[in-house]
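Q: Got a structure for you, questions after.
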Amino acid sequence: MTTEGTAVAAVAAKAGAPGLGDPYFPLAGNGGYSVGHYGLDLAYDPGTKRLDGEATITARTGGKDLRTFDLDLSGLTVRSVRVDGRTAKWTRHGQELVVTPHKTLRRGAAFRVEVSYGGVPADVTDPDGSPDGWIATDDGAFVAGEPQGAMSWFPADNHPLDKASYAFEITVPKGYTAVANGVLKSQRTSHGKTTFRWDQREPMAAYLATATVGKFTVQSYRTASGIPVYNAVDPREAAEAAPALAEIPEILNWETKRFGPYPFSAAGAIVDHAPDVGYALETQTRPVYDRAPDVGTVVHEMAHQWFGDSVSLTSWQDIWLNEGFATYAEWLWEEQHGGQSAQASFDHYYASPATSGLWAFPTADPGSGENIFASPVYTRGAMALQKLRTAVGDRDFFTILKSWARGHRYGNGTTAQFVALSEKVSGKHLGPLFHTWIGTAGKPAKP
């Protein structure tokens with residue numbers, strides 16, 4: 001994400017628990033099962049702002065039988081729930097949709113859930129006050145779910161620990177475009193409505209899903225390496241967005257050289273006109289921007305495809321592994337494209353006074369969900385990576401980045417694992433460095 005202006009607990013969540021025990025968002029996700037695939041059949045009317053959905057979820061239980069299980073769903077009206085083809089009982093408790101199947105789901109068993117629902121989605125207000133989820137616009141909807149918003153438009157196991165493949169079928173009035181993740185499989189218009197089918201085959205965390213709707217101008221092409229690119233741009237933002245979007249092939253090529261093979265089967269951008277949103281988000285394969293981005297912002301969101309999307313969080317307190325890395329990618333791009341060096345960027349921010357918010361809390365533990373998009377996560381996270389680069393040298397540093405992306409591809413990672421990898425590759429004891437730059441509050445002594 002770009003803005004304007006514990007793992008153990010999660011893994012240990014008991015069967016049927018209403019959350020995975022994330023220290024910042026304890027009700028996010030659910031205990032006792034993991035999802036393999038979401039099939040989302042959606043219909044949205046921008047005039048009435050009504051969304052109707054049929055969600056088909058294939059999942060598997062964990063090591064214990066499940067008599068009940070939860071899905072995260074806020075607002076909207078549930079019409080029916082079926083499990084393995086049979087009507088299931090269900091209740092609502094806040095963001096929890098509690099499902100009781102006709103019979104107990106045995107441990108290790110595959111099962112299928114079908115939820116029929118609808119209504120006018122209400123976005124989620126995050127702890128920092130920003131809107132999140134299905135956000136209505138003047139010509140559709142800006143859909144960006146970090147960290148909680150996926151549950152505003154589909155039932156989900158809404159934590160990055162549980163990643164799945166997705167298929168979207170989105171029907172909108174003729175003249176509108178519906179853009180989701182992955183590859184566009186088909187587009188057909190009949191009786192005044194157009195249905196778009198999208199396929200996201202690589203695993204994806206729920207917060208990275210999108211189904212953004214608007215009156216977009218669409219551009220599609222393939223890069224020289226064969227990656228299909230699909231850009232959807234609000235005409236009001238097109239002229240200003242064009243220079244940055246034209247750099248997408250070069251950005252993909254440049255980041256591939258530094259971070260390793262591009263992890264997904266498609267790329268692109270959604271540039272909406274949503275000036276009240278206040279941020280862009282790295283929705284998987286196709287970041288969504290609330291307005292025309294500059295090149296640095298595109299570099300940032302594309303870097304997230306490796307750091308945050310392919311390699312995902314285990315706990316939200318580790319969000320610096322997403323944002324610090326994407327911010328550092330901006331510094332590297334500038335360094336290697338005629339701008340100031342990454343060290344000069346470090347020096348600029350280090351000159352901030354000790355009273356600056358940059359030093360307010362530890363980068364690797366912001367303290368609460370209210371702080372996960374604050375400068376210690378982004379900027380001080382990037383500063384920590386520059387200190388690591390200085391300590392181990394360029395050869396080992398870029399080996400670390402590529403090894404991290406390769407070793408955790410389509411999975412999850414923790415700060416402790418990144419520190420261990422850095423020490424293994426470099427052969428250096430780096431605990432004090434990481435303690436100083438990501439583990440403590442306050443401005444470090446002059447480096």
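The values are calculated or read from the model by the stated rules, or taken from the named source; none is laboratory data. Keep in mind that what you see is a predicted model, and the values were worked out from it rather than measured. No Cβ is skipped: glycine too gets one built from the backbone with ideal geometry, and neighbour counts run over all protein chains shown. Each accessible area value is taken on the protein alone, full model and side chains, heavy atoms only, with ligands, DNA and RNA left out. Shrake-Rupley method; radii C 1.70, N 1.55, O 1.52, S 1.80 Å.
Q: With N set to the residue count of the chain, report its C-alpha Rg divided by 2.2 N^0.38 Å to two decimal places.
A: 0.96
Q: Ok, one more. Are there any chymotrypsin sites (Phe, Trp or Tyr not before Pro) in region 269-331 that are in a DSSP loop and have at most 16 other Cβ atoms within 10 Å? List them by number.
A: Nothing satisfies the criteria.
Q: In Å, the Kirkwood hydrodynamic radius of region 128-167 over pairs of distinct alpha carbons?
A: 11.2
Q: If you take the Cα Rg of region 84-238 and divide it by 2.2 N^0.38 Å, with N the number of residues, what do you get?
A: The value comes to 1.18.
Q: In debye, nearest 20: dipole of the chain around its Cα centre with unit charges on the Cβ of K, R (+) and D, E (-)?
A: So the dipole magnitude of the chain works out to roughly 1720 debye.
Q: Same structure, new question: Rounded to whole Å and sorted largest first, list the principal axis extents of the Cα atoms in region 332-423.
A: That gives 37, 36, 22 Å along the principal axes, largest extent first.
Q: Turning to a different aspect of this structure: Largest first, please: the extent of the C-alpha atoms of region 186-258 along each principal axis, to the nearest Å.
A: 47, 34, 25
Q: Now a separate question. What are the chymotrypsin sites (Phe, Trp or Tyr not before Pro) within region 350-437 that DSSP puts in a loop, where the Cβ has at most 16 other Cβ atoms within 10 Å?
A: Of the chymotrypsin sites (Phe, Trp or Tyr not before Pro), the ones in loops of region 350-437 whose Cβ has at most 16 other Cβ atoms within 10 Å are TYR410.
Q: Please give the net charge around THR363, taking every other residue with its beta carbon less than 12 angstrom from that of THR363, where Lys and Arg add +1 and Asp and Glu add -1.
A: -1
Q: I've got another one for you. Report Rg(Cα)/(2.2 N^0.38 Å) for region 263-341, keeping two decimals. All intermediate terms of the calculation are to be shown ahead of the outcome.
A: Values: Rg = 12.9 Å, N = 79, 2.2 N^0.38 = 11.6 Å.
Taking N as the residue count of region 263-341, the ratio is 1.11.
Q: Follow-up. Using all alpha carbons of region 308-386, what is the percent of pairwise distances in each 5 Å bin, ordered from the shortest bin to the longest?
A: 3, 17, 25, 23, 16, 11, 4, 0
Q: Continuing with this model, one more query. Could you tell me how many cubic angstrom of Cα convex hull volume region 92-141 has per residue? If you can, show how the numbers build up before the last one.
A: Working: hull volume 7.8 nm³, N = 50.
Cα convex hull per residue, to the nearest whole number: 156 Å³.
Q: Can I ask one more? For every other residue with a beta carbon closer than 10 angstrom to the beta carbon of PRO101, add +1 if it is Lys or Arg and -1 if Asp or Glu, then tell me the sum.
A: +4
Q: At a 1.4 Å probe, what is the % contribution of carbon and sulfur to the accessible area of the chain?
A: Summing carbon and sulfur atoms, their accessible area is 51 percent of the total for the chain.
Q: Using the charge dipole of region 401-447 (Lys, Arg: +1 at Cβ; Asp, Glu: -1 at Cβ; taken about the Cα centre), state which of PRO432, THR415, LEU401 has its Cα farthest towards the positive end.
A: LEU401
Q: Taking each pair of distinct Cα atoms in region 48-99 once, what is the resulting Kirkwood hydrodynamic radius in Å?
A: Across region 48-99, the inverse of the average 1/r is 12.6 Å.
Q: Roughly what % of DSSP beta bridges within region 44-184 run antiparallel, to the nearest 5?
A: Approximately 100 percent, going by the DSSP bridge assignments.
Q: Another question, if that's okay. Show that you can apply the helix-only estimate: for the chain, add -39,500 (n - 2.57) for every DSSP H stretch of four or more residues, divide by all residues, and state [θ] at 222 nm to the nearest 500.
A: After summing the helix terms and dividing by residue count, I get -7500 deg cm²/dmol.
Q: Which semi-axes, in whole Å and largest first, does the equivalent ellipsoid of region 26-171 have when worked out from the alpha carbon gyration tensor as the square roots of 5 times its eigenvalues?
A: Equivalent ellipsoid semi-axes, largest first: 26, 16, 13 Å.
Q: Which net charge results for the neighbourhood of ASN181, defined as the other residues with beta-carbon distances under 15 angstrom from its beta-carbon, given Lys and Arg at +1 and Asp and Glu at -1? Could you put the intermediate results ahead of the total?
A: Working: positive: LYS163, LYS185, ARG197, ARG201, ARG286; negative: GLU146, GLU169, ASP199, GLU202, GLU282, GLU301, ASP309.
It works out to a net charge of -2.
Q: Over the chain, with the other protein chains present, what is the accessible area per residue in square angstrom, probe 1.4 angstrom?
A: Per-residue value: 38 Å².
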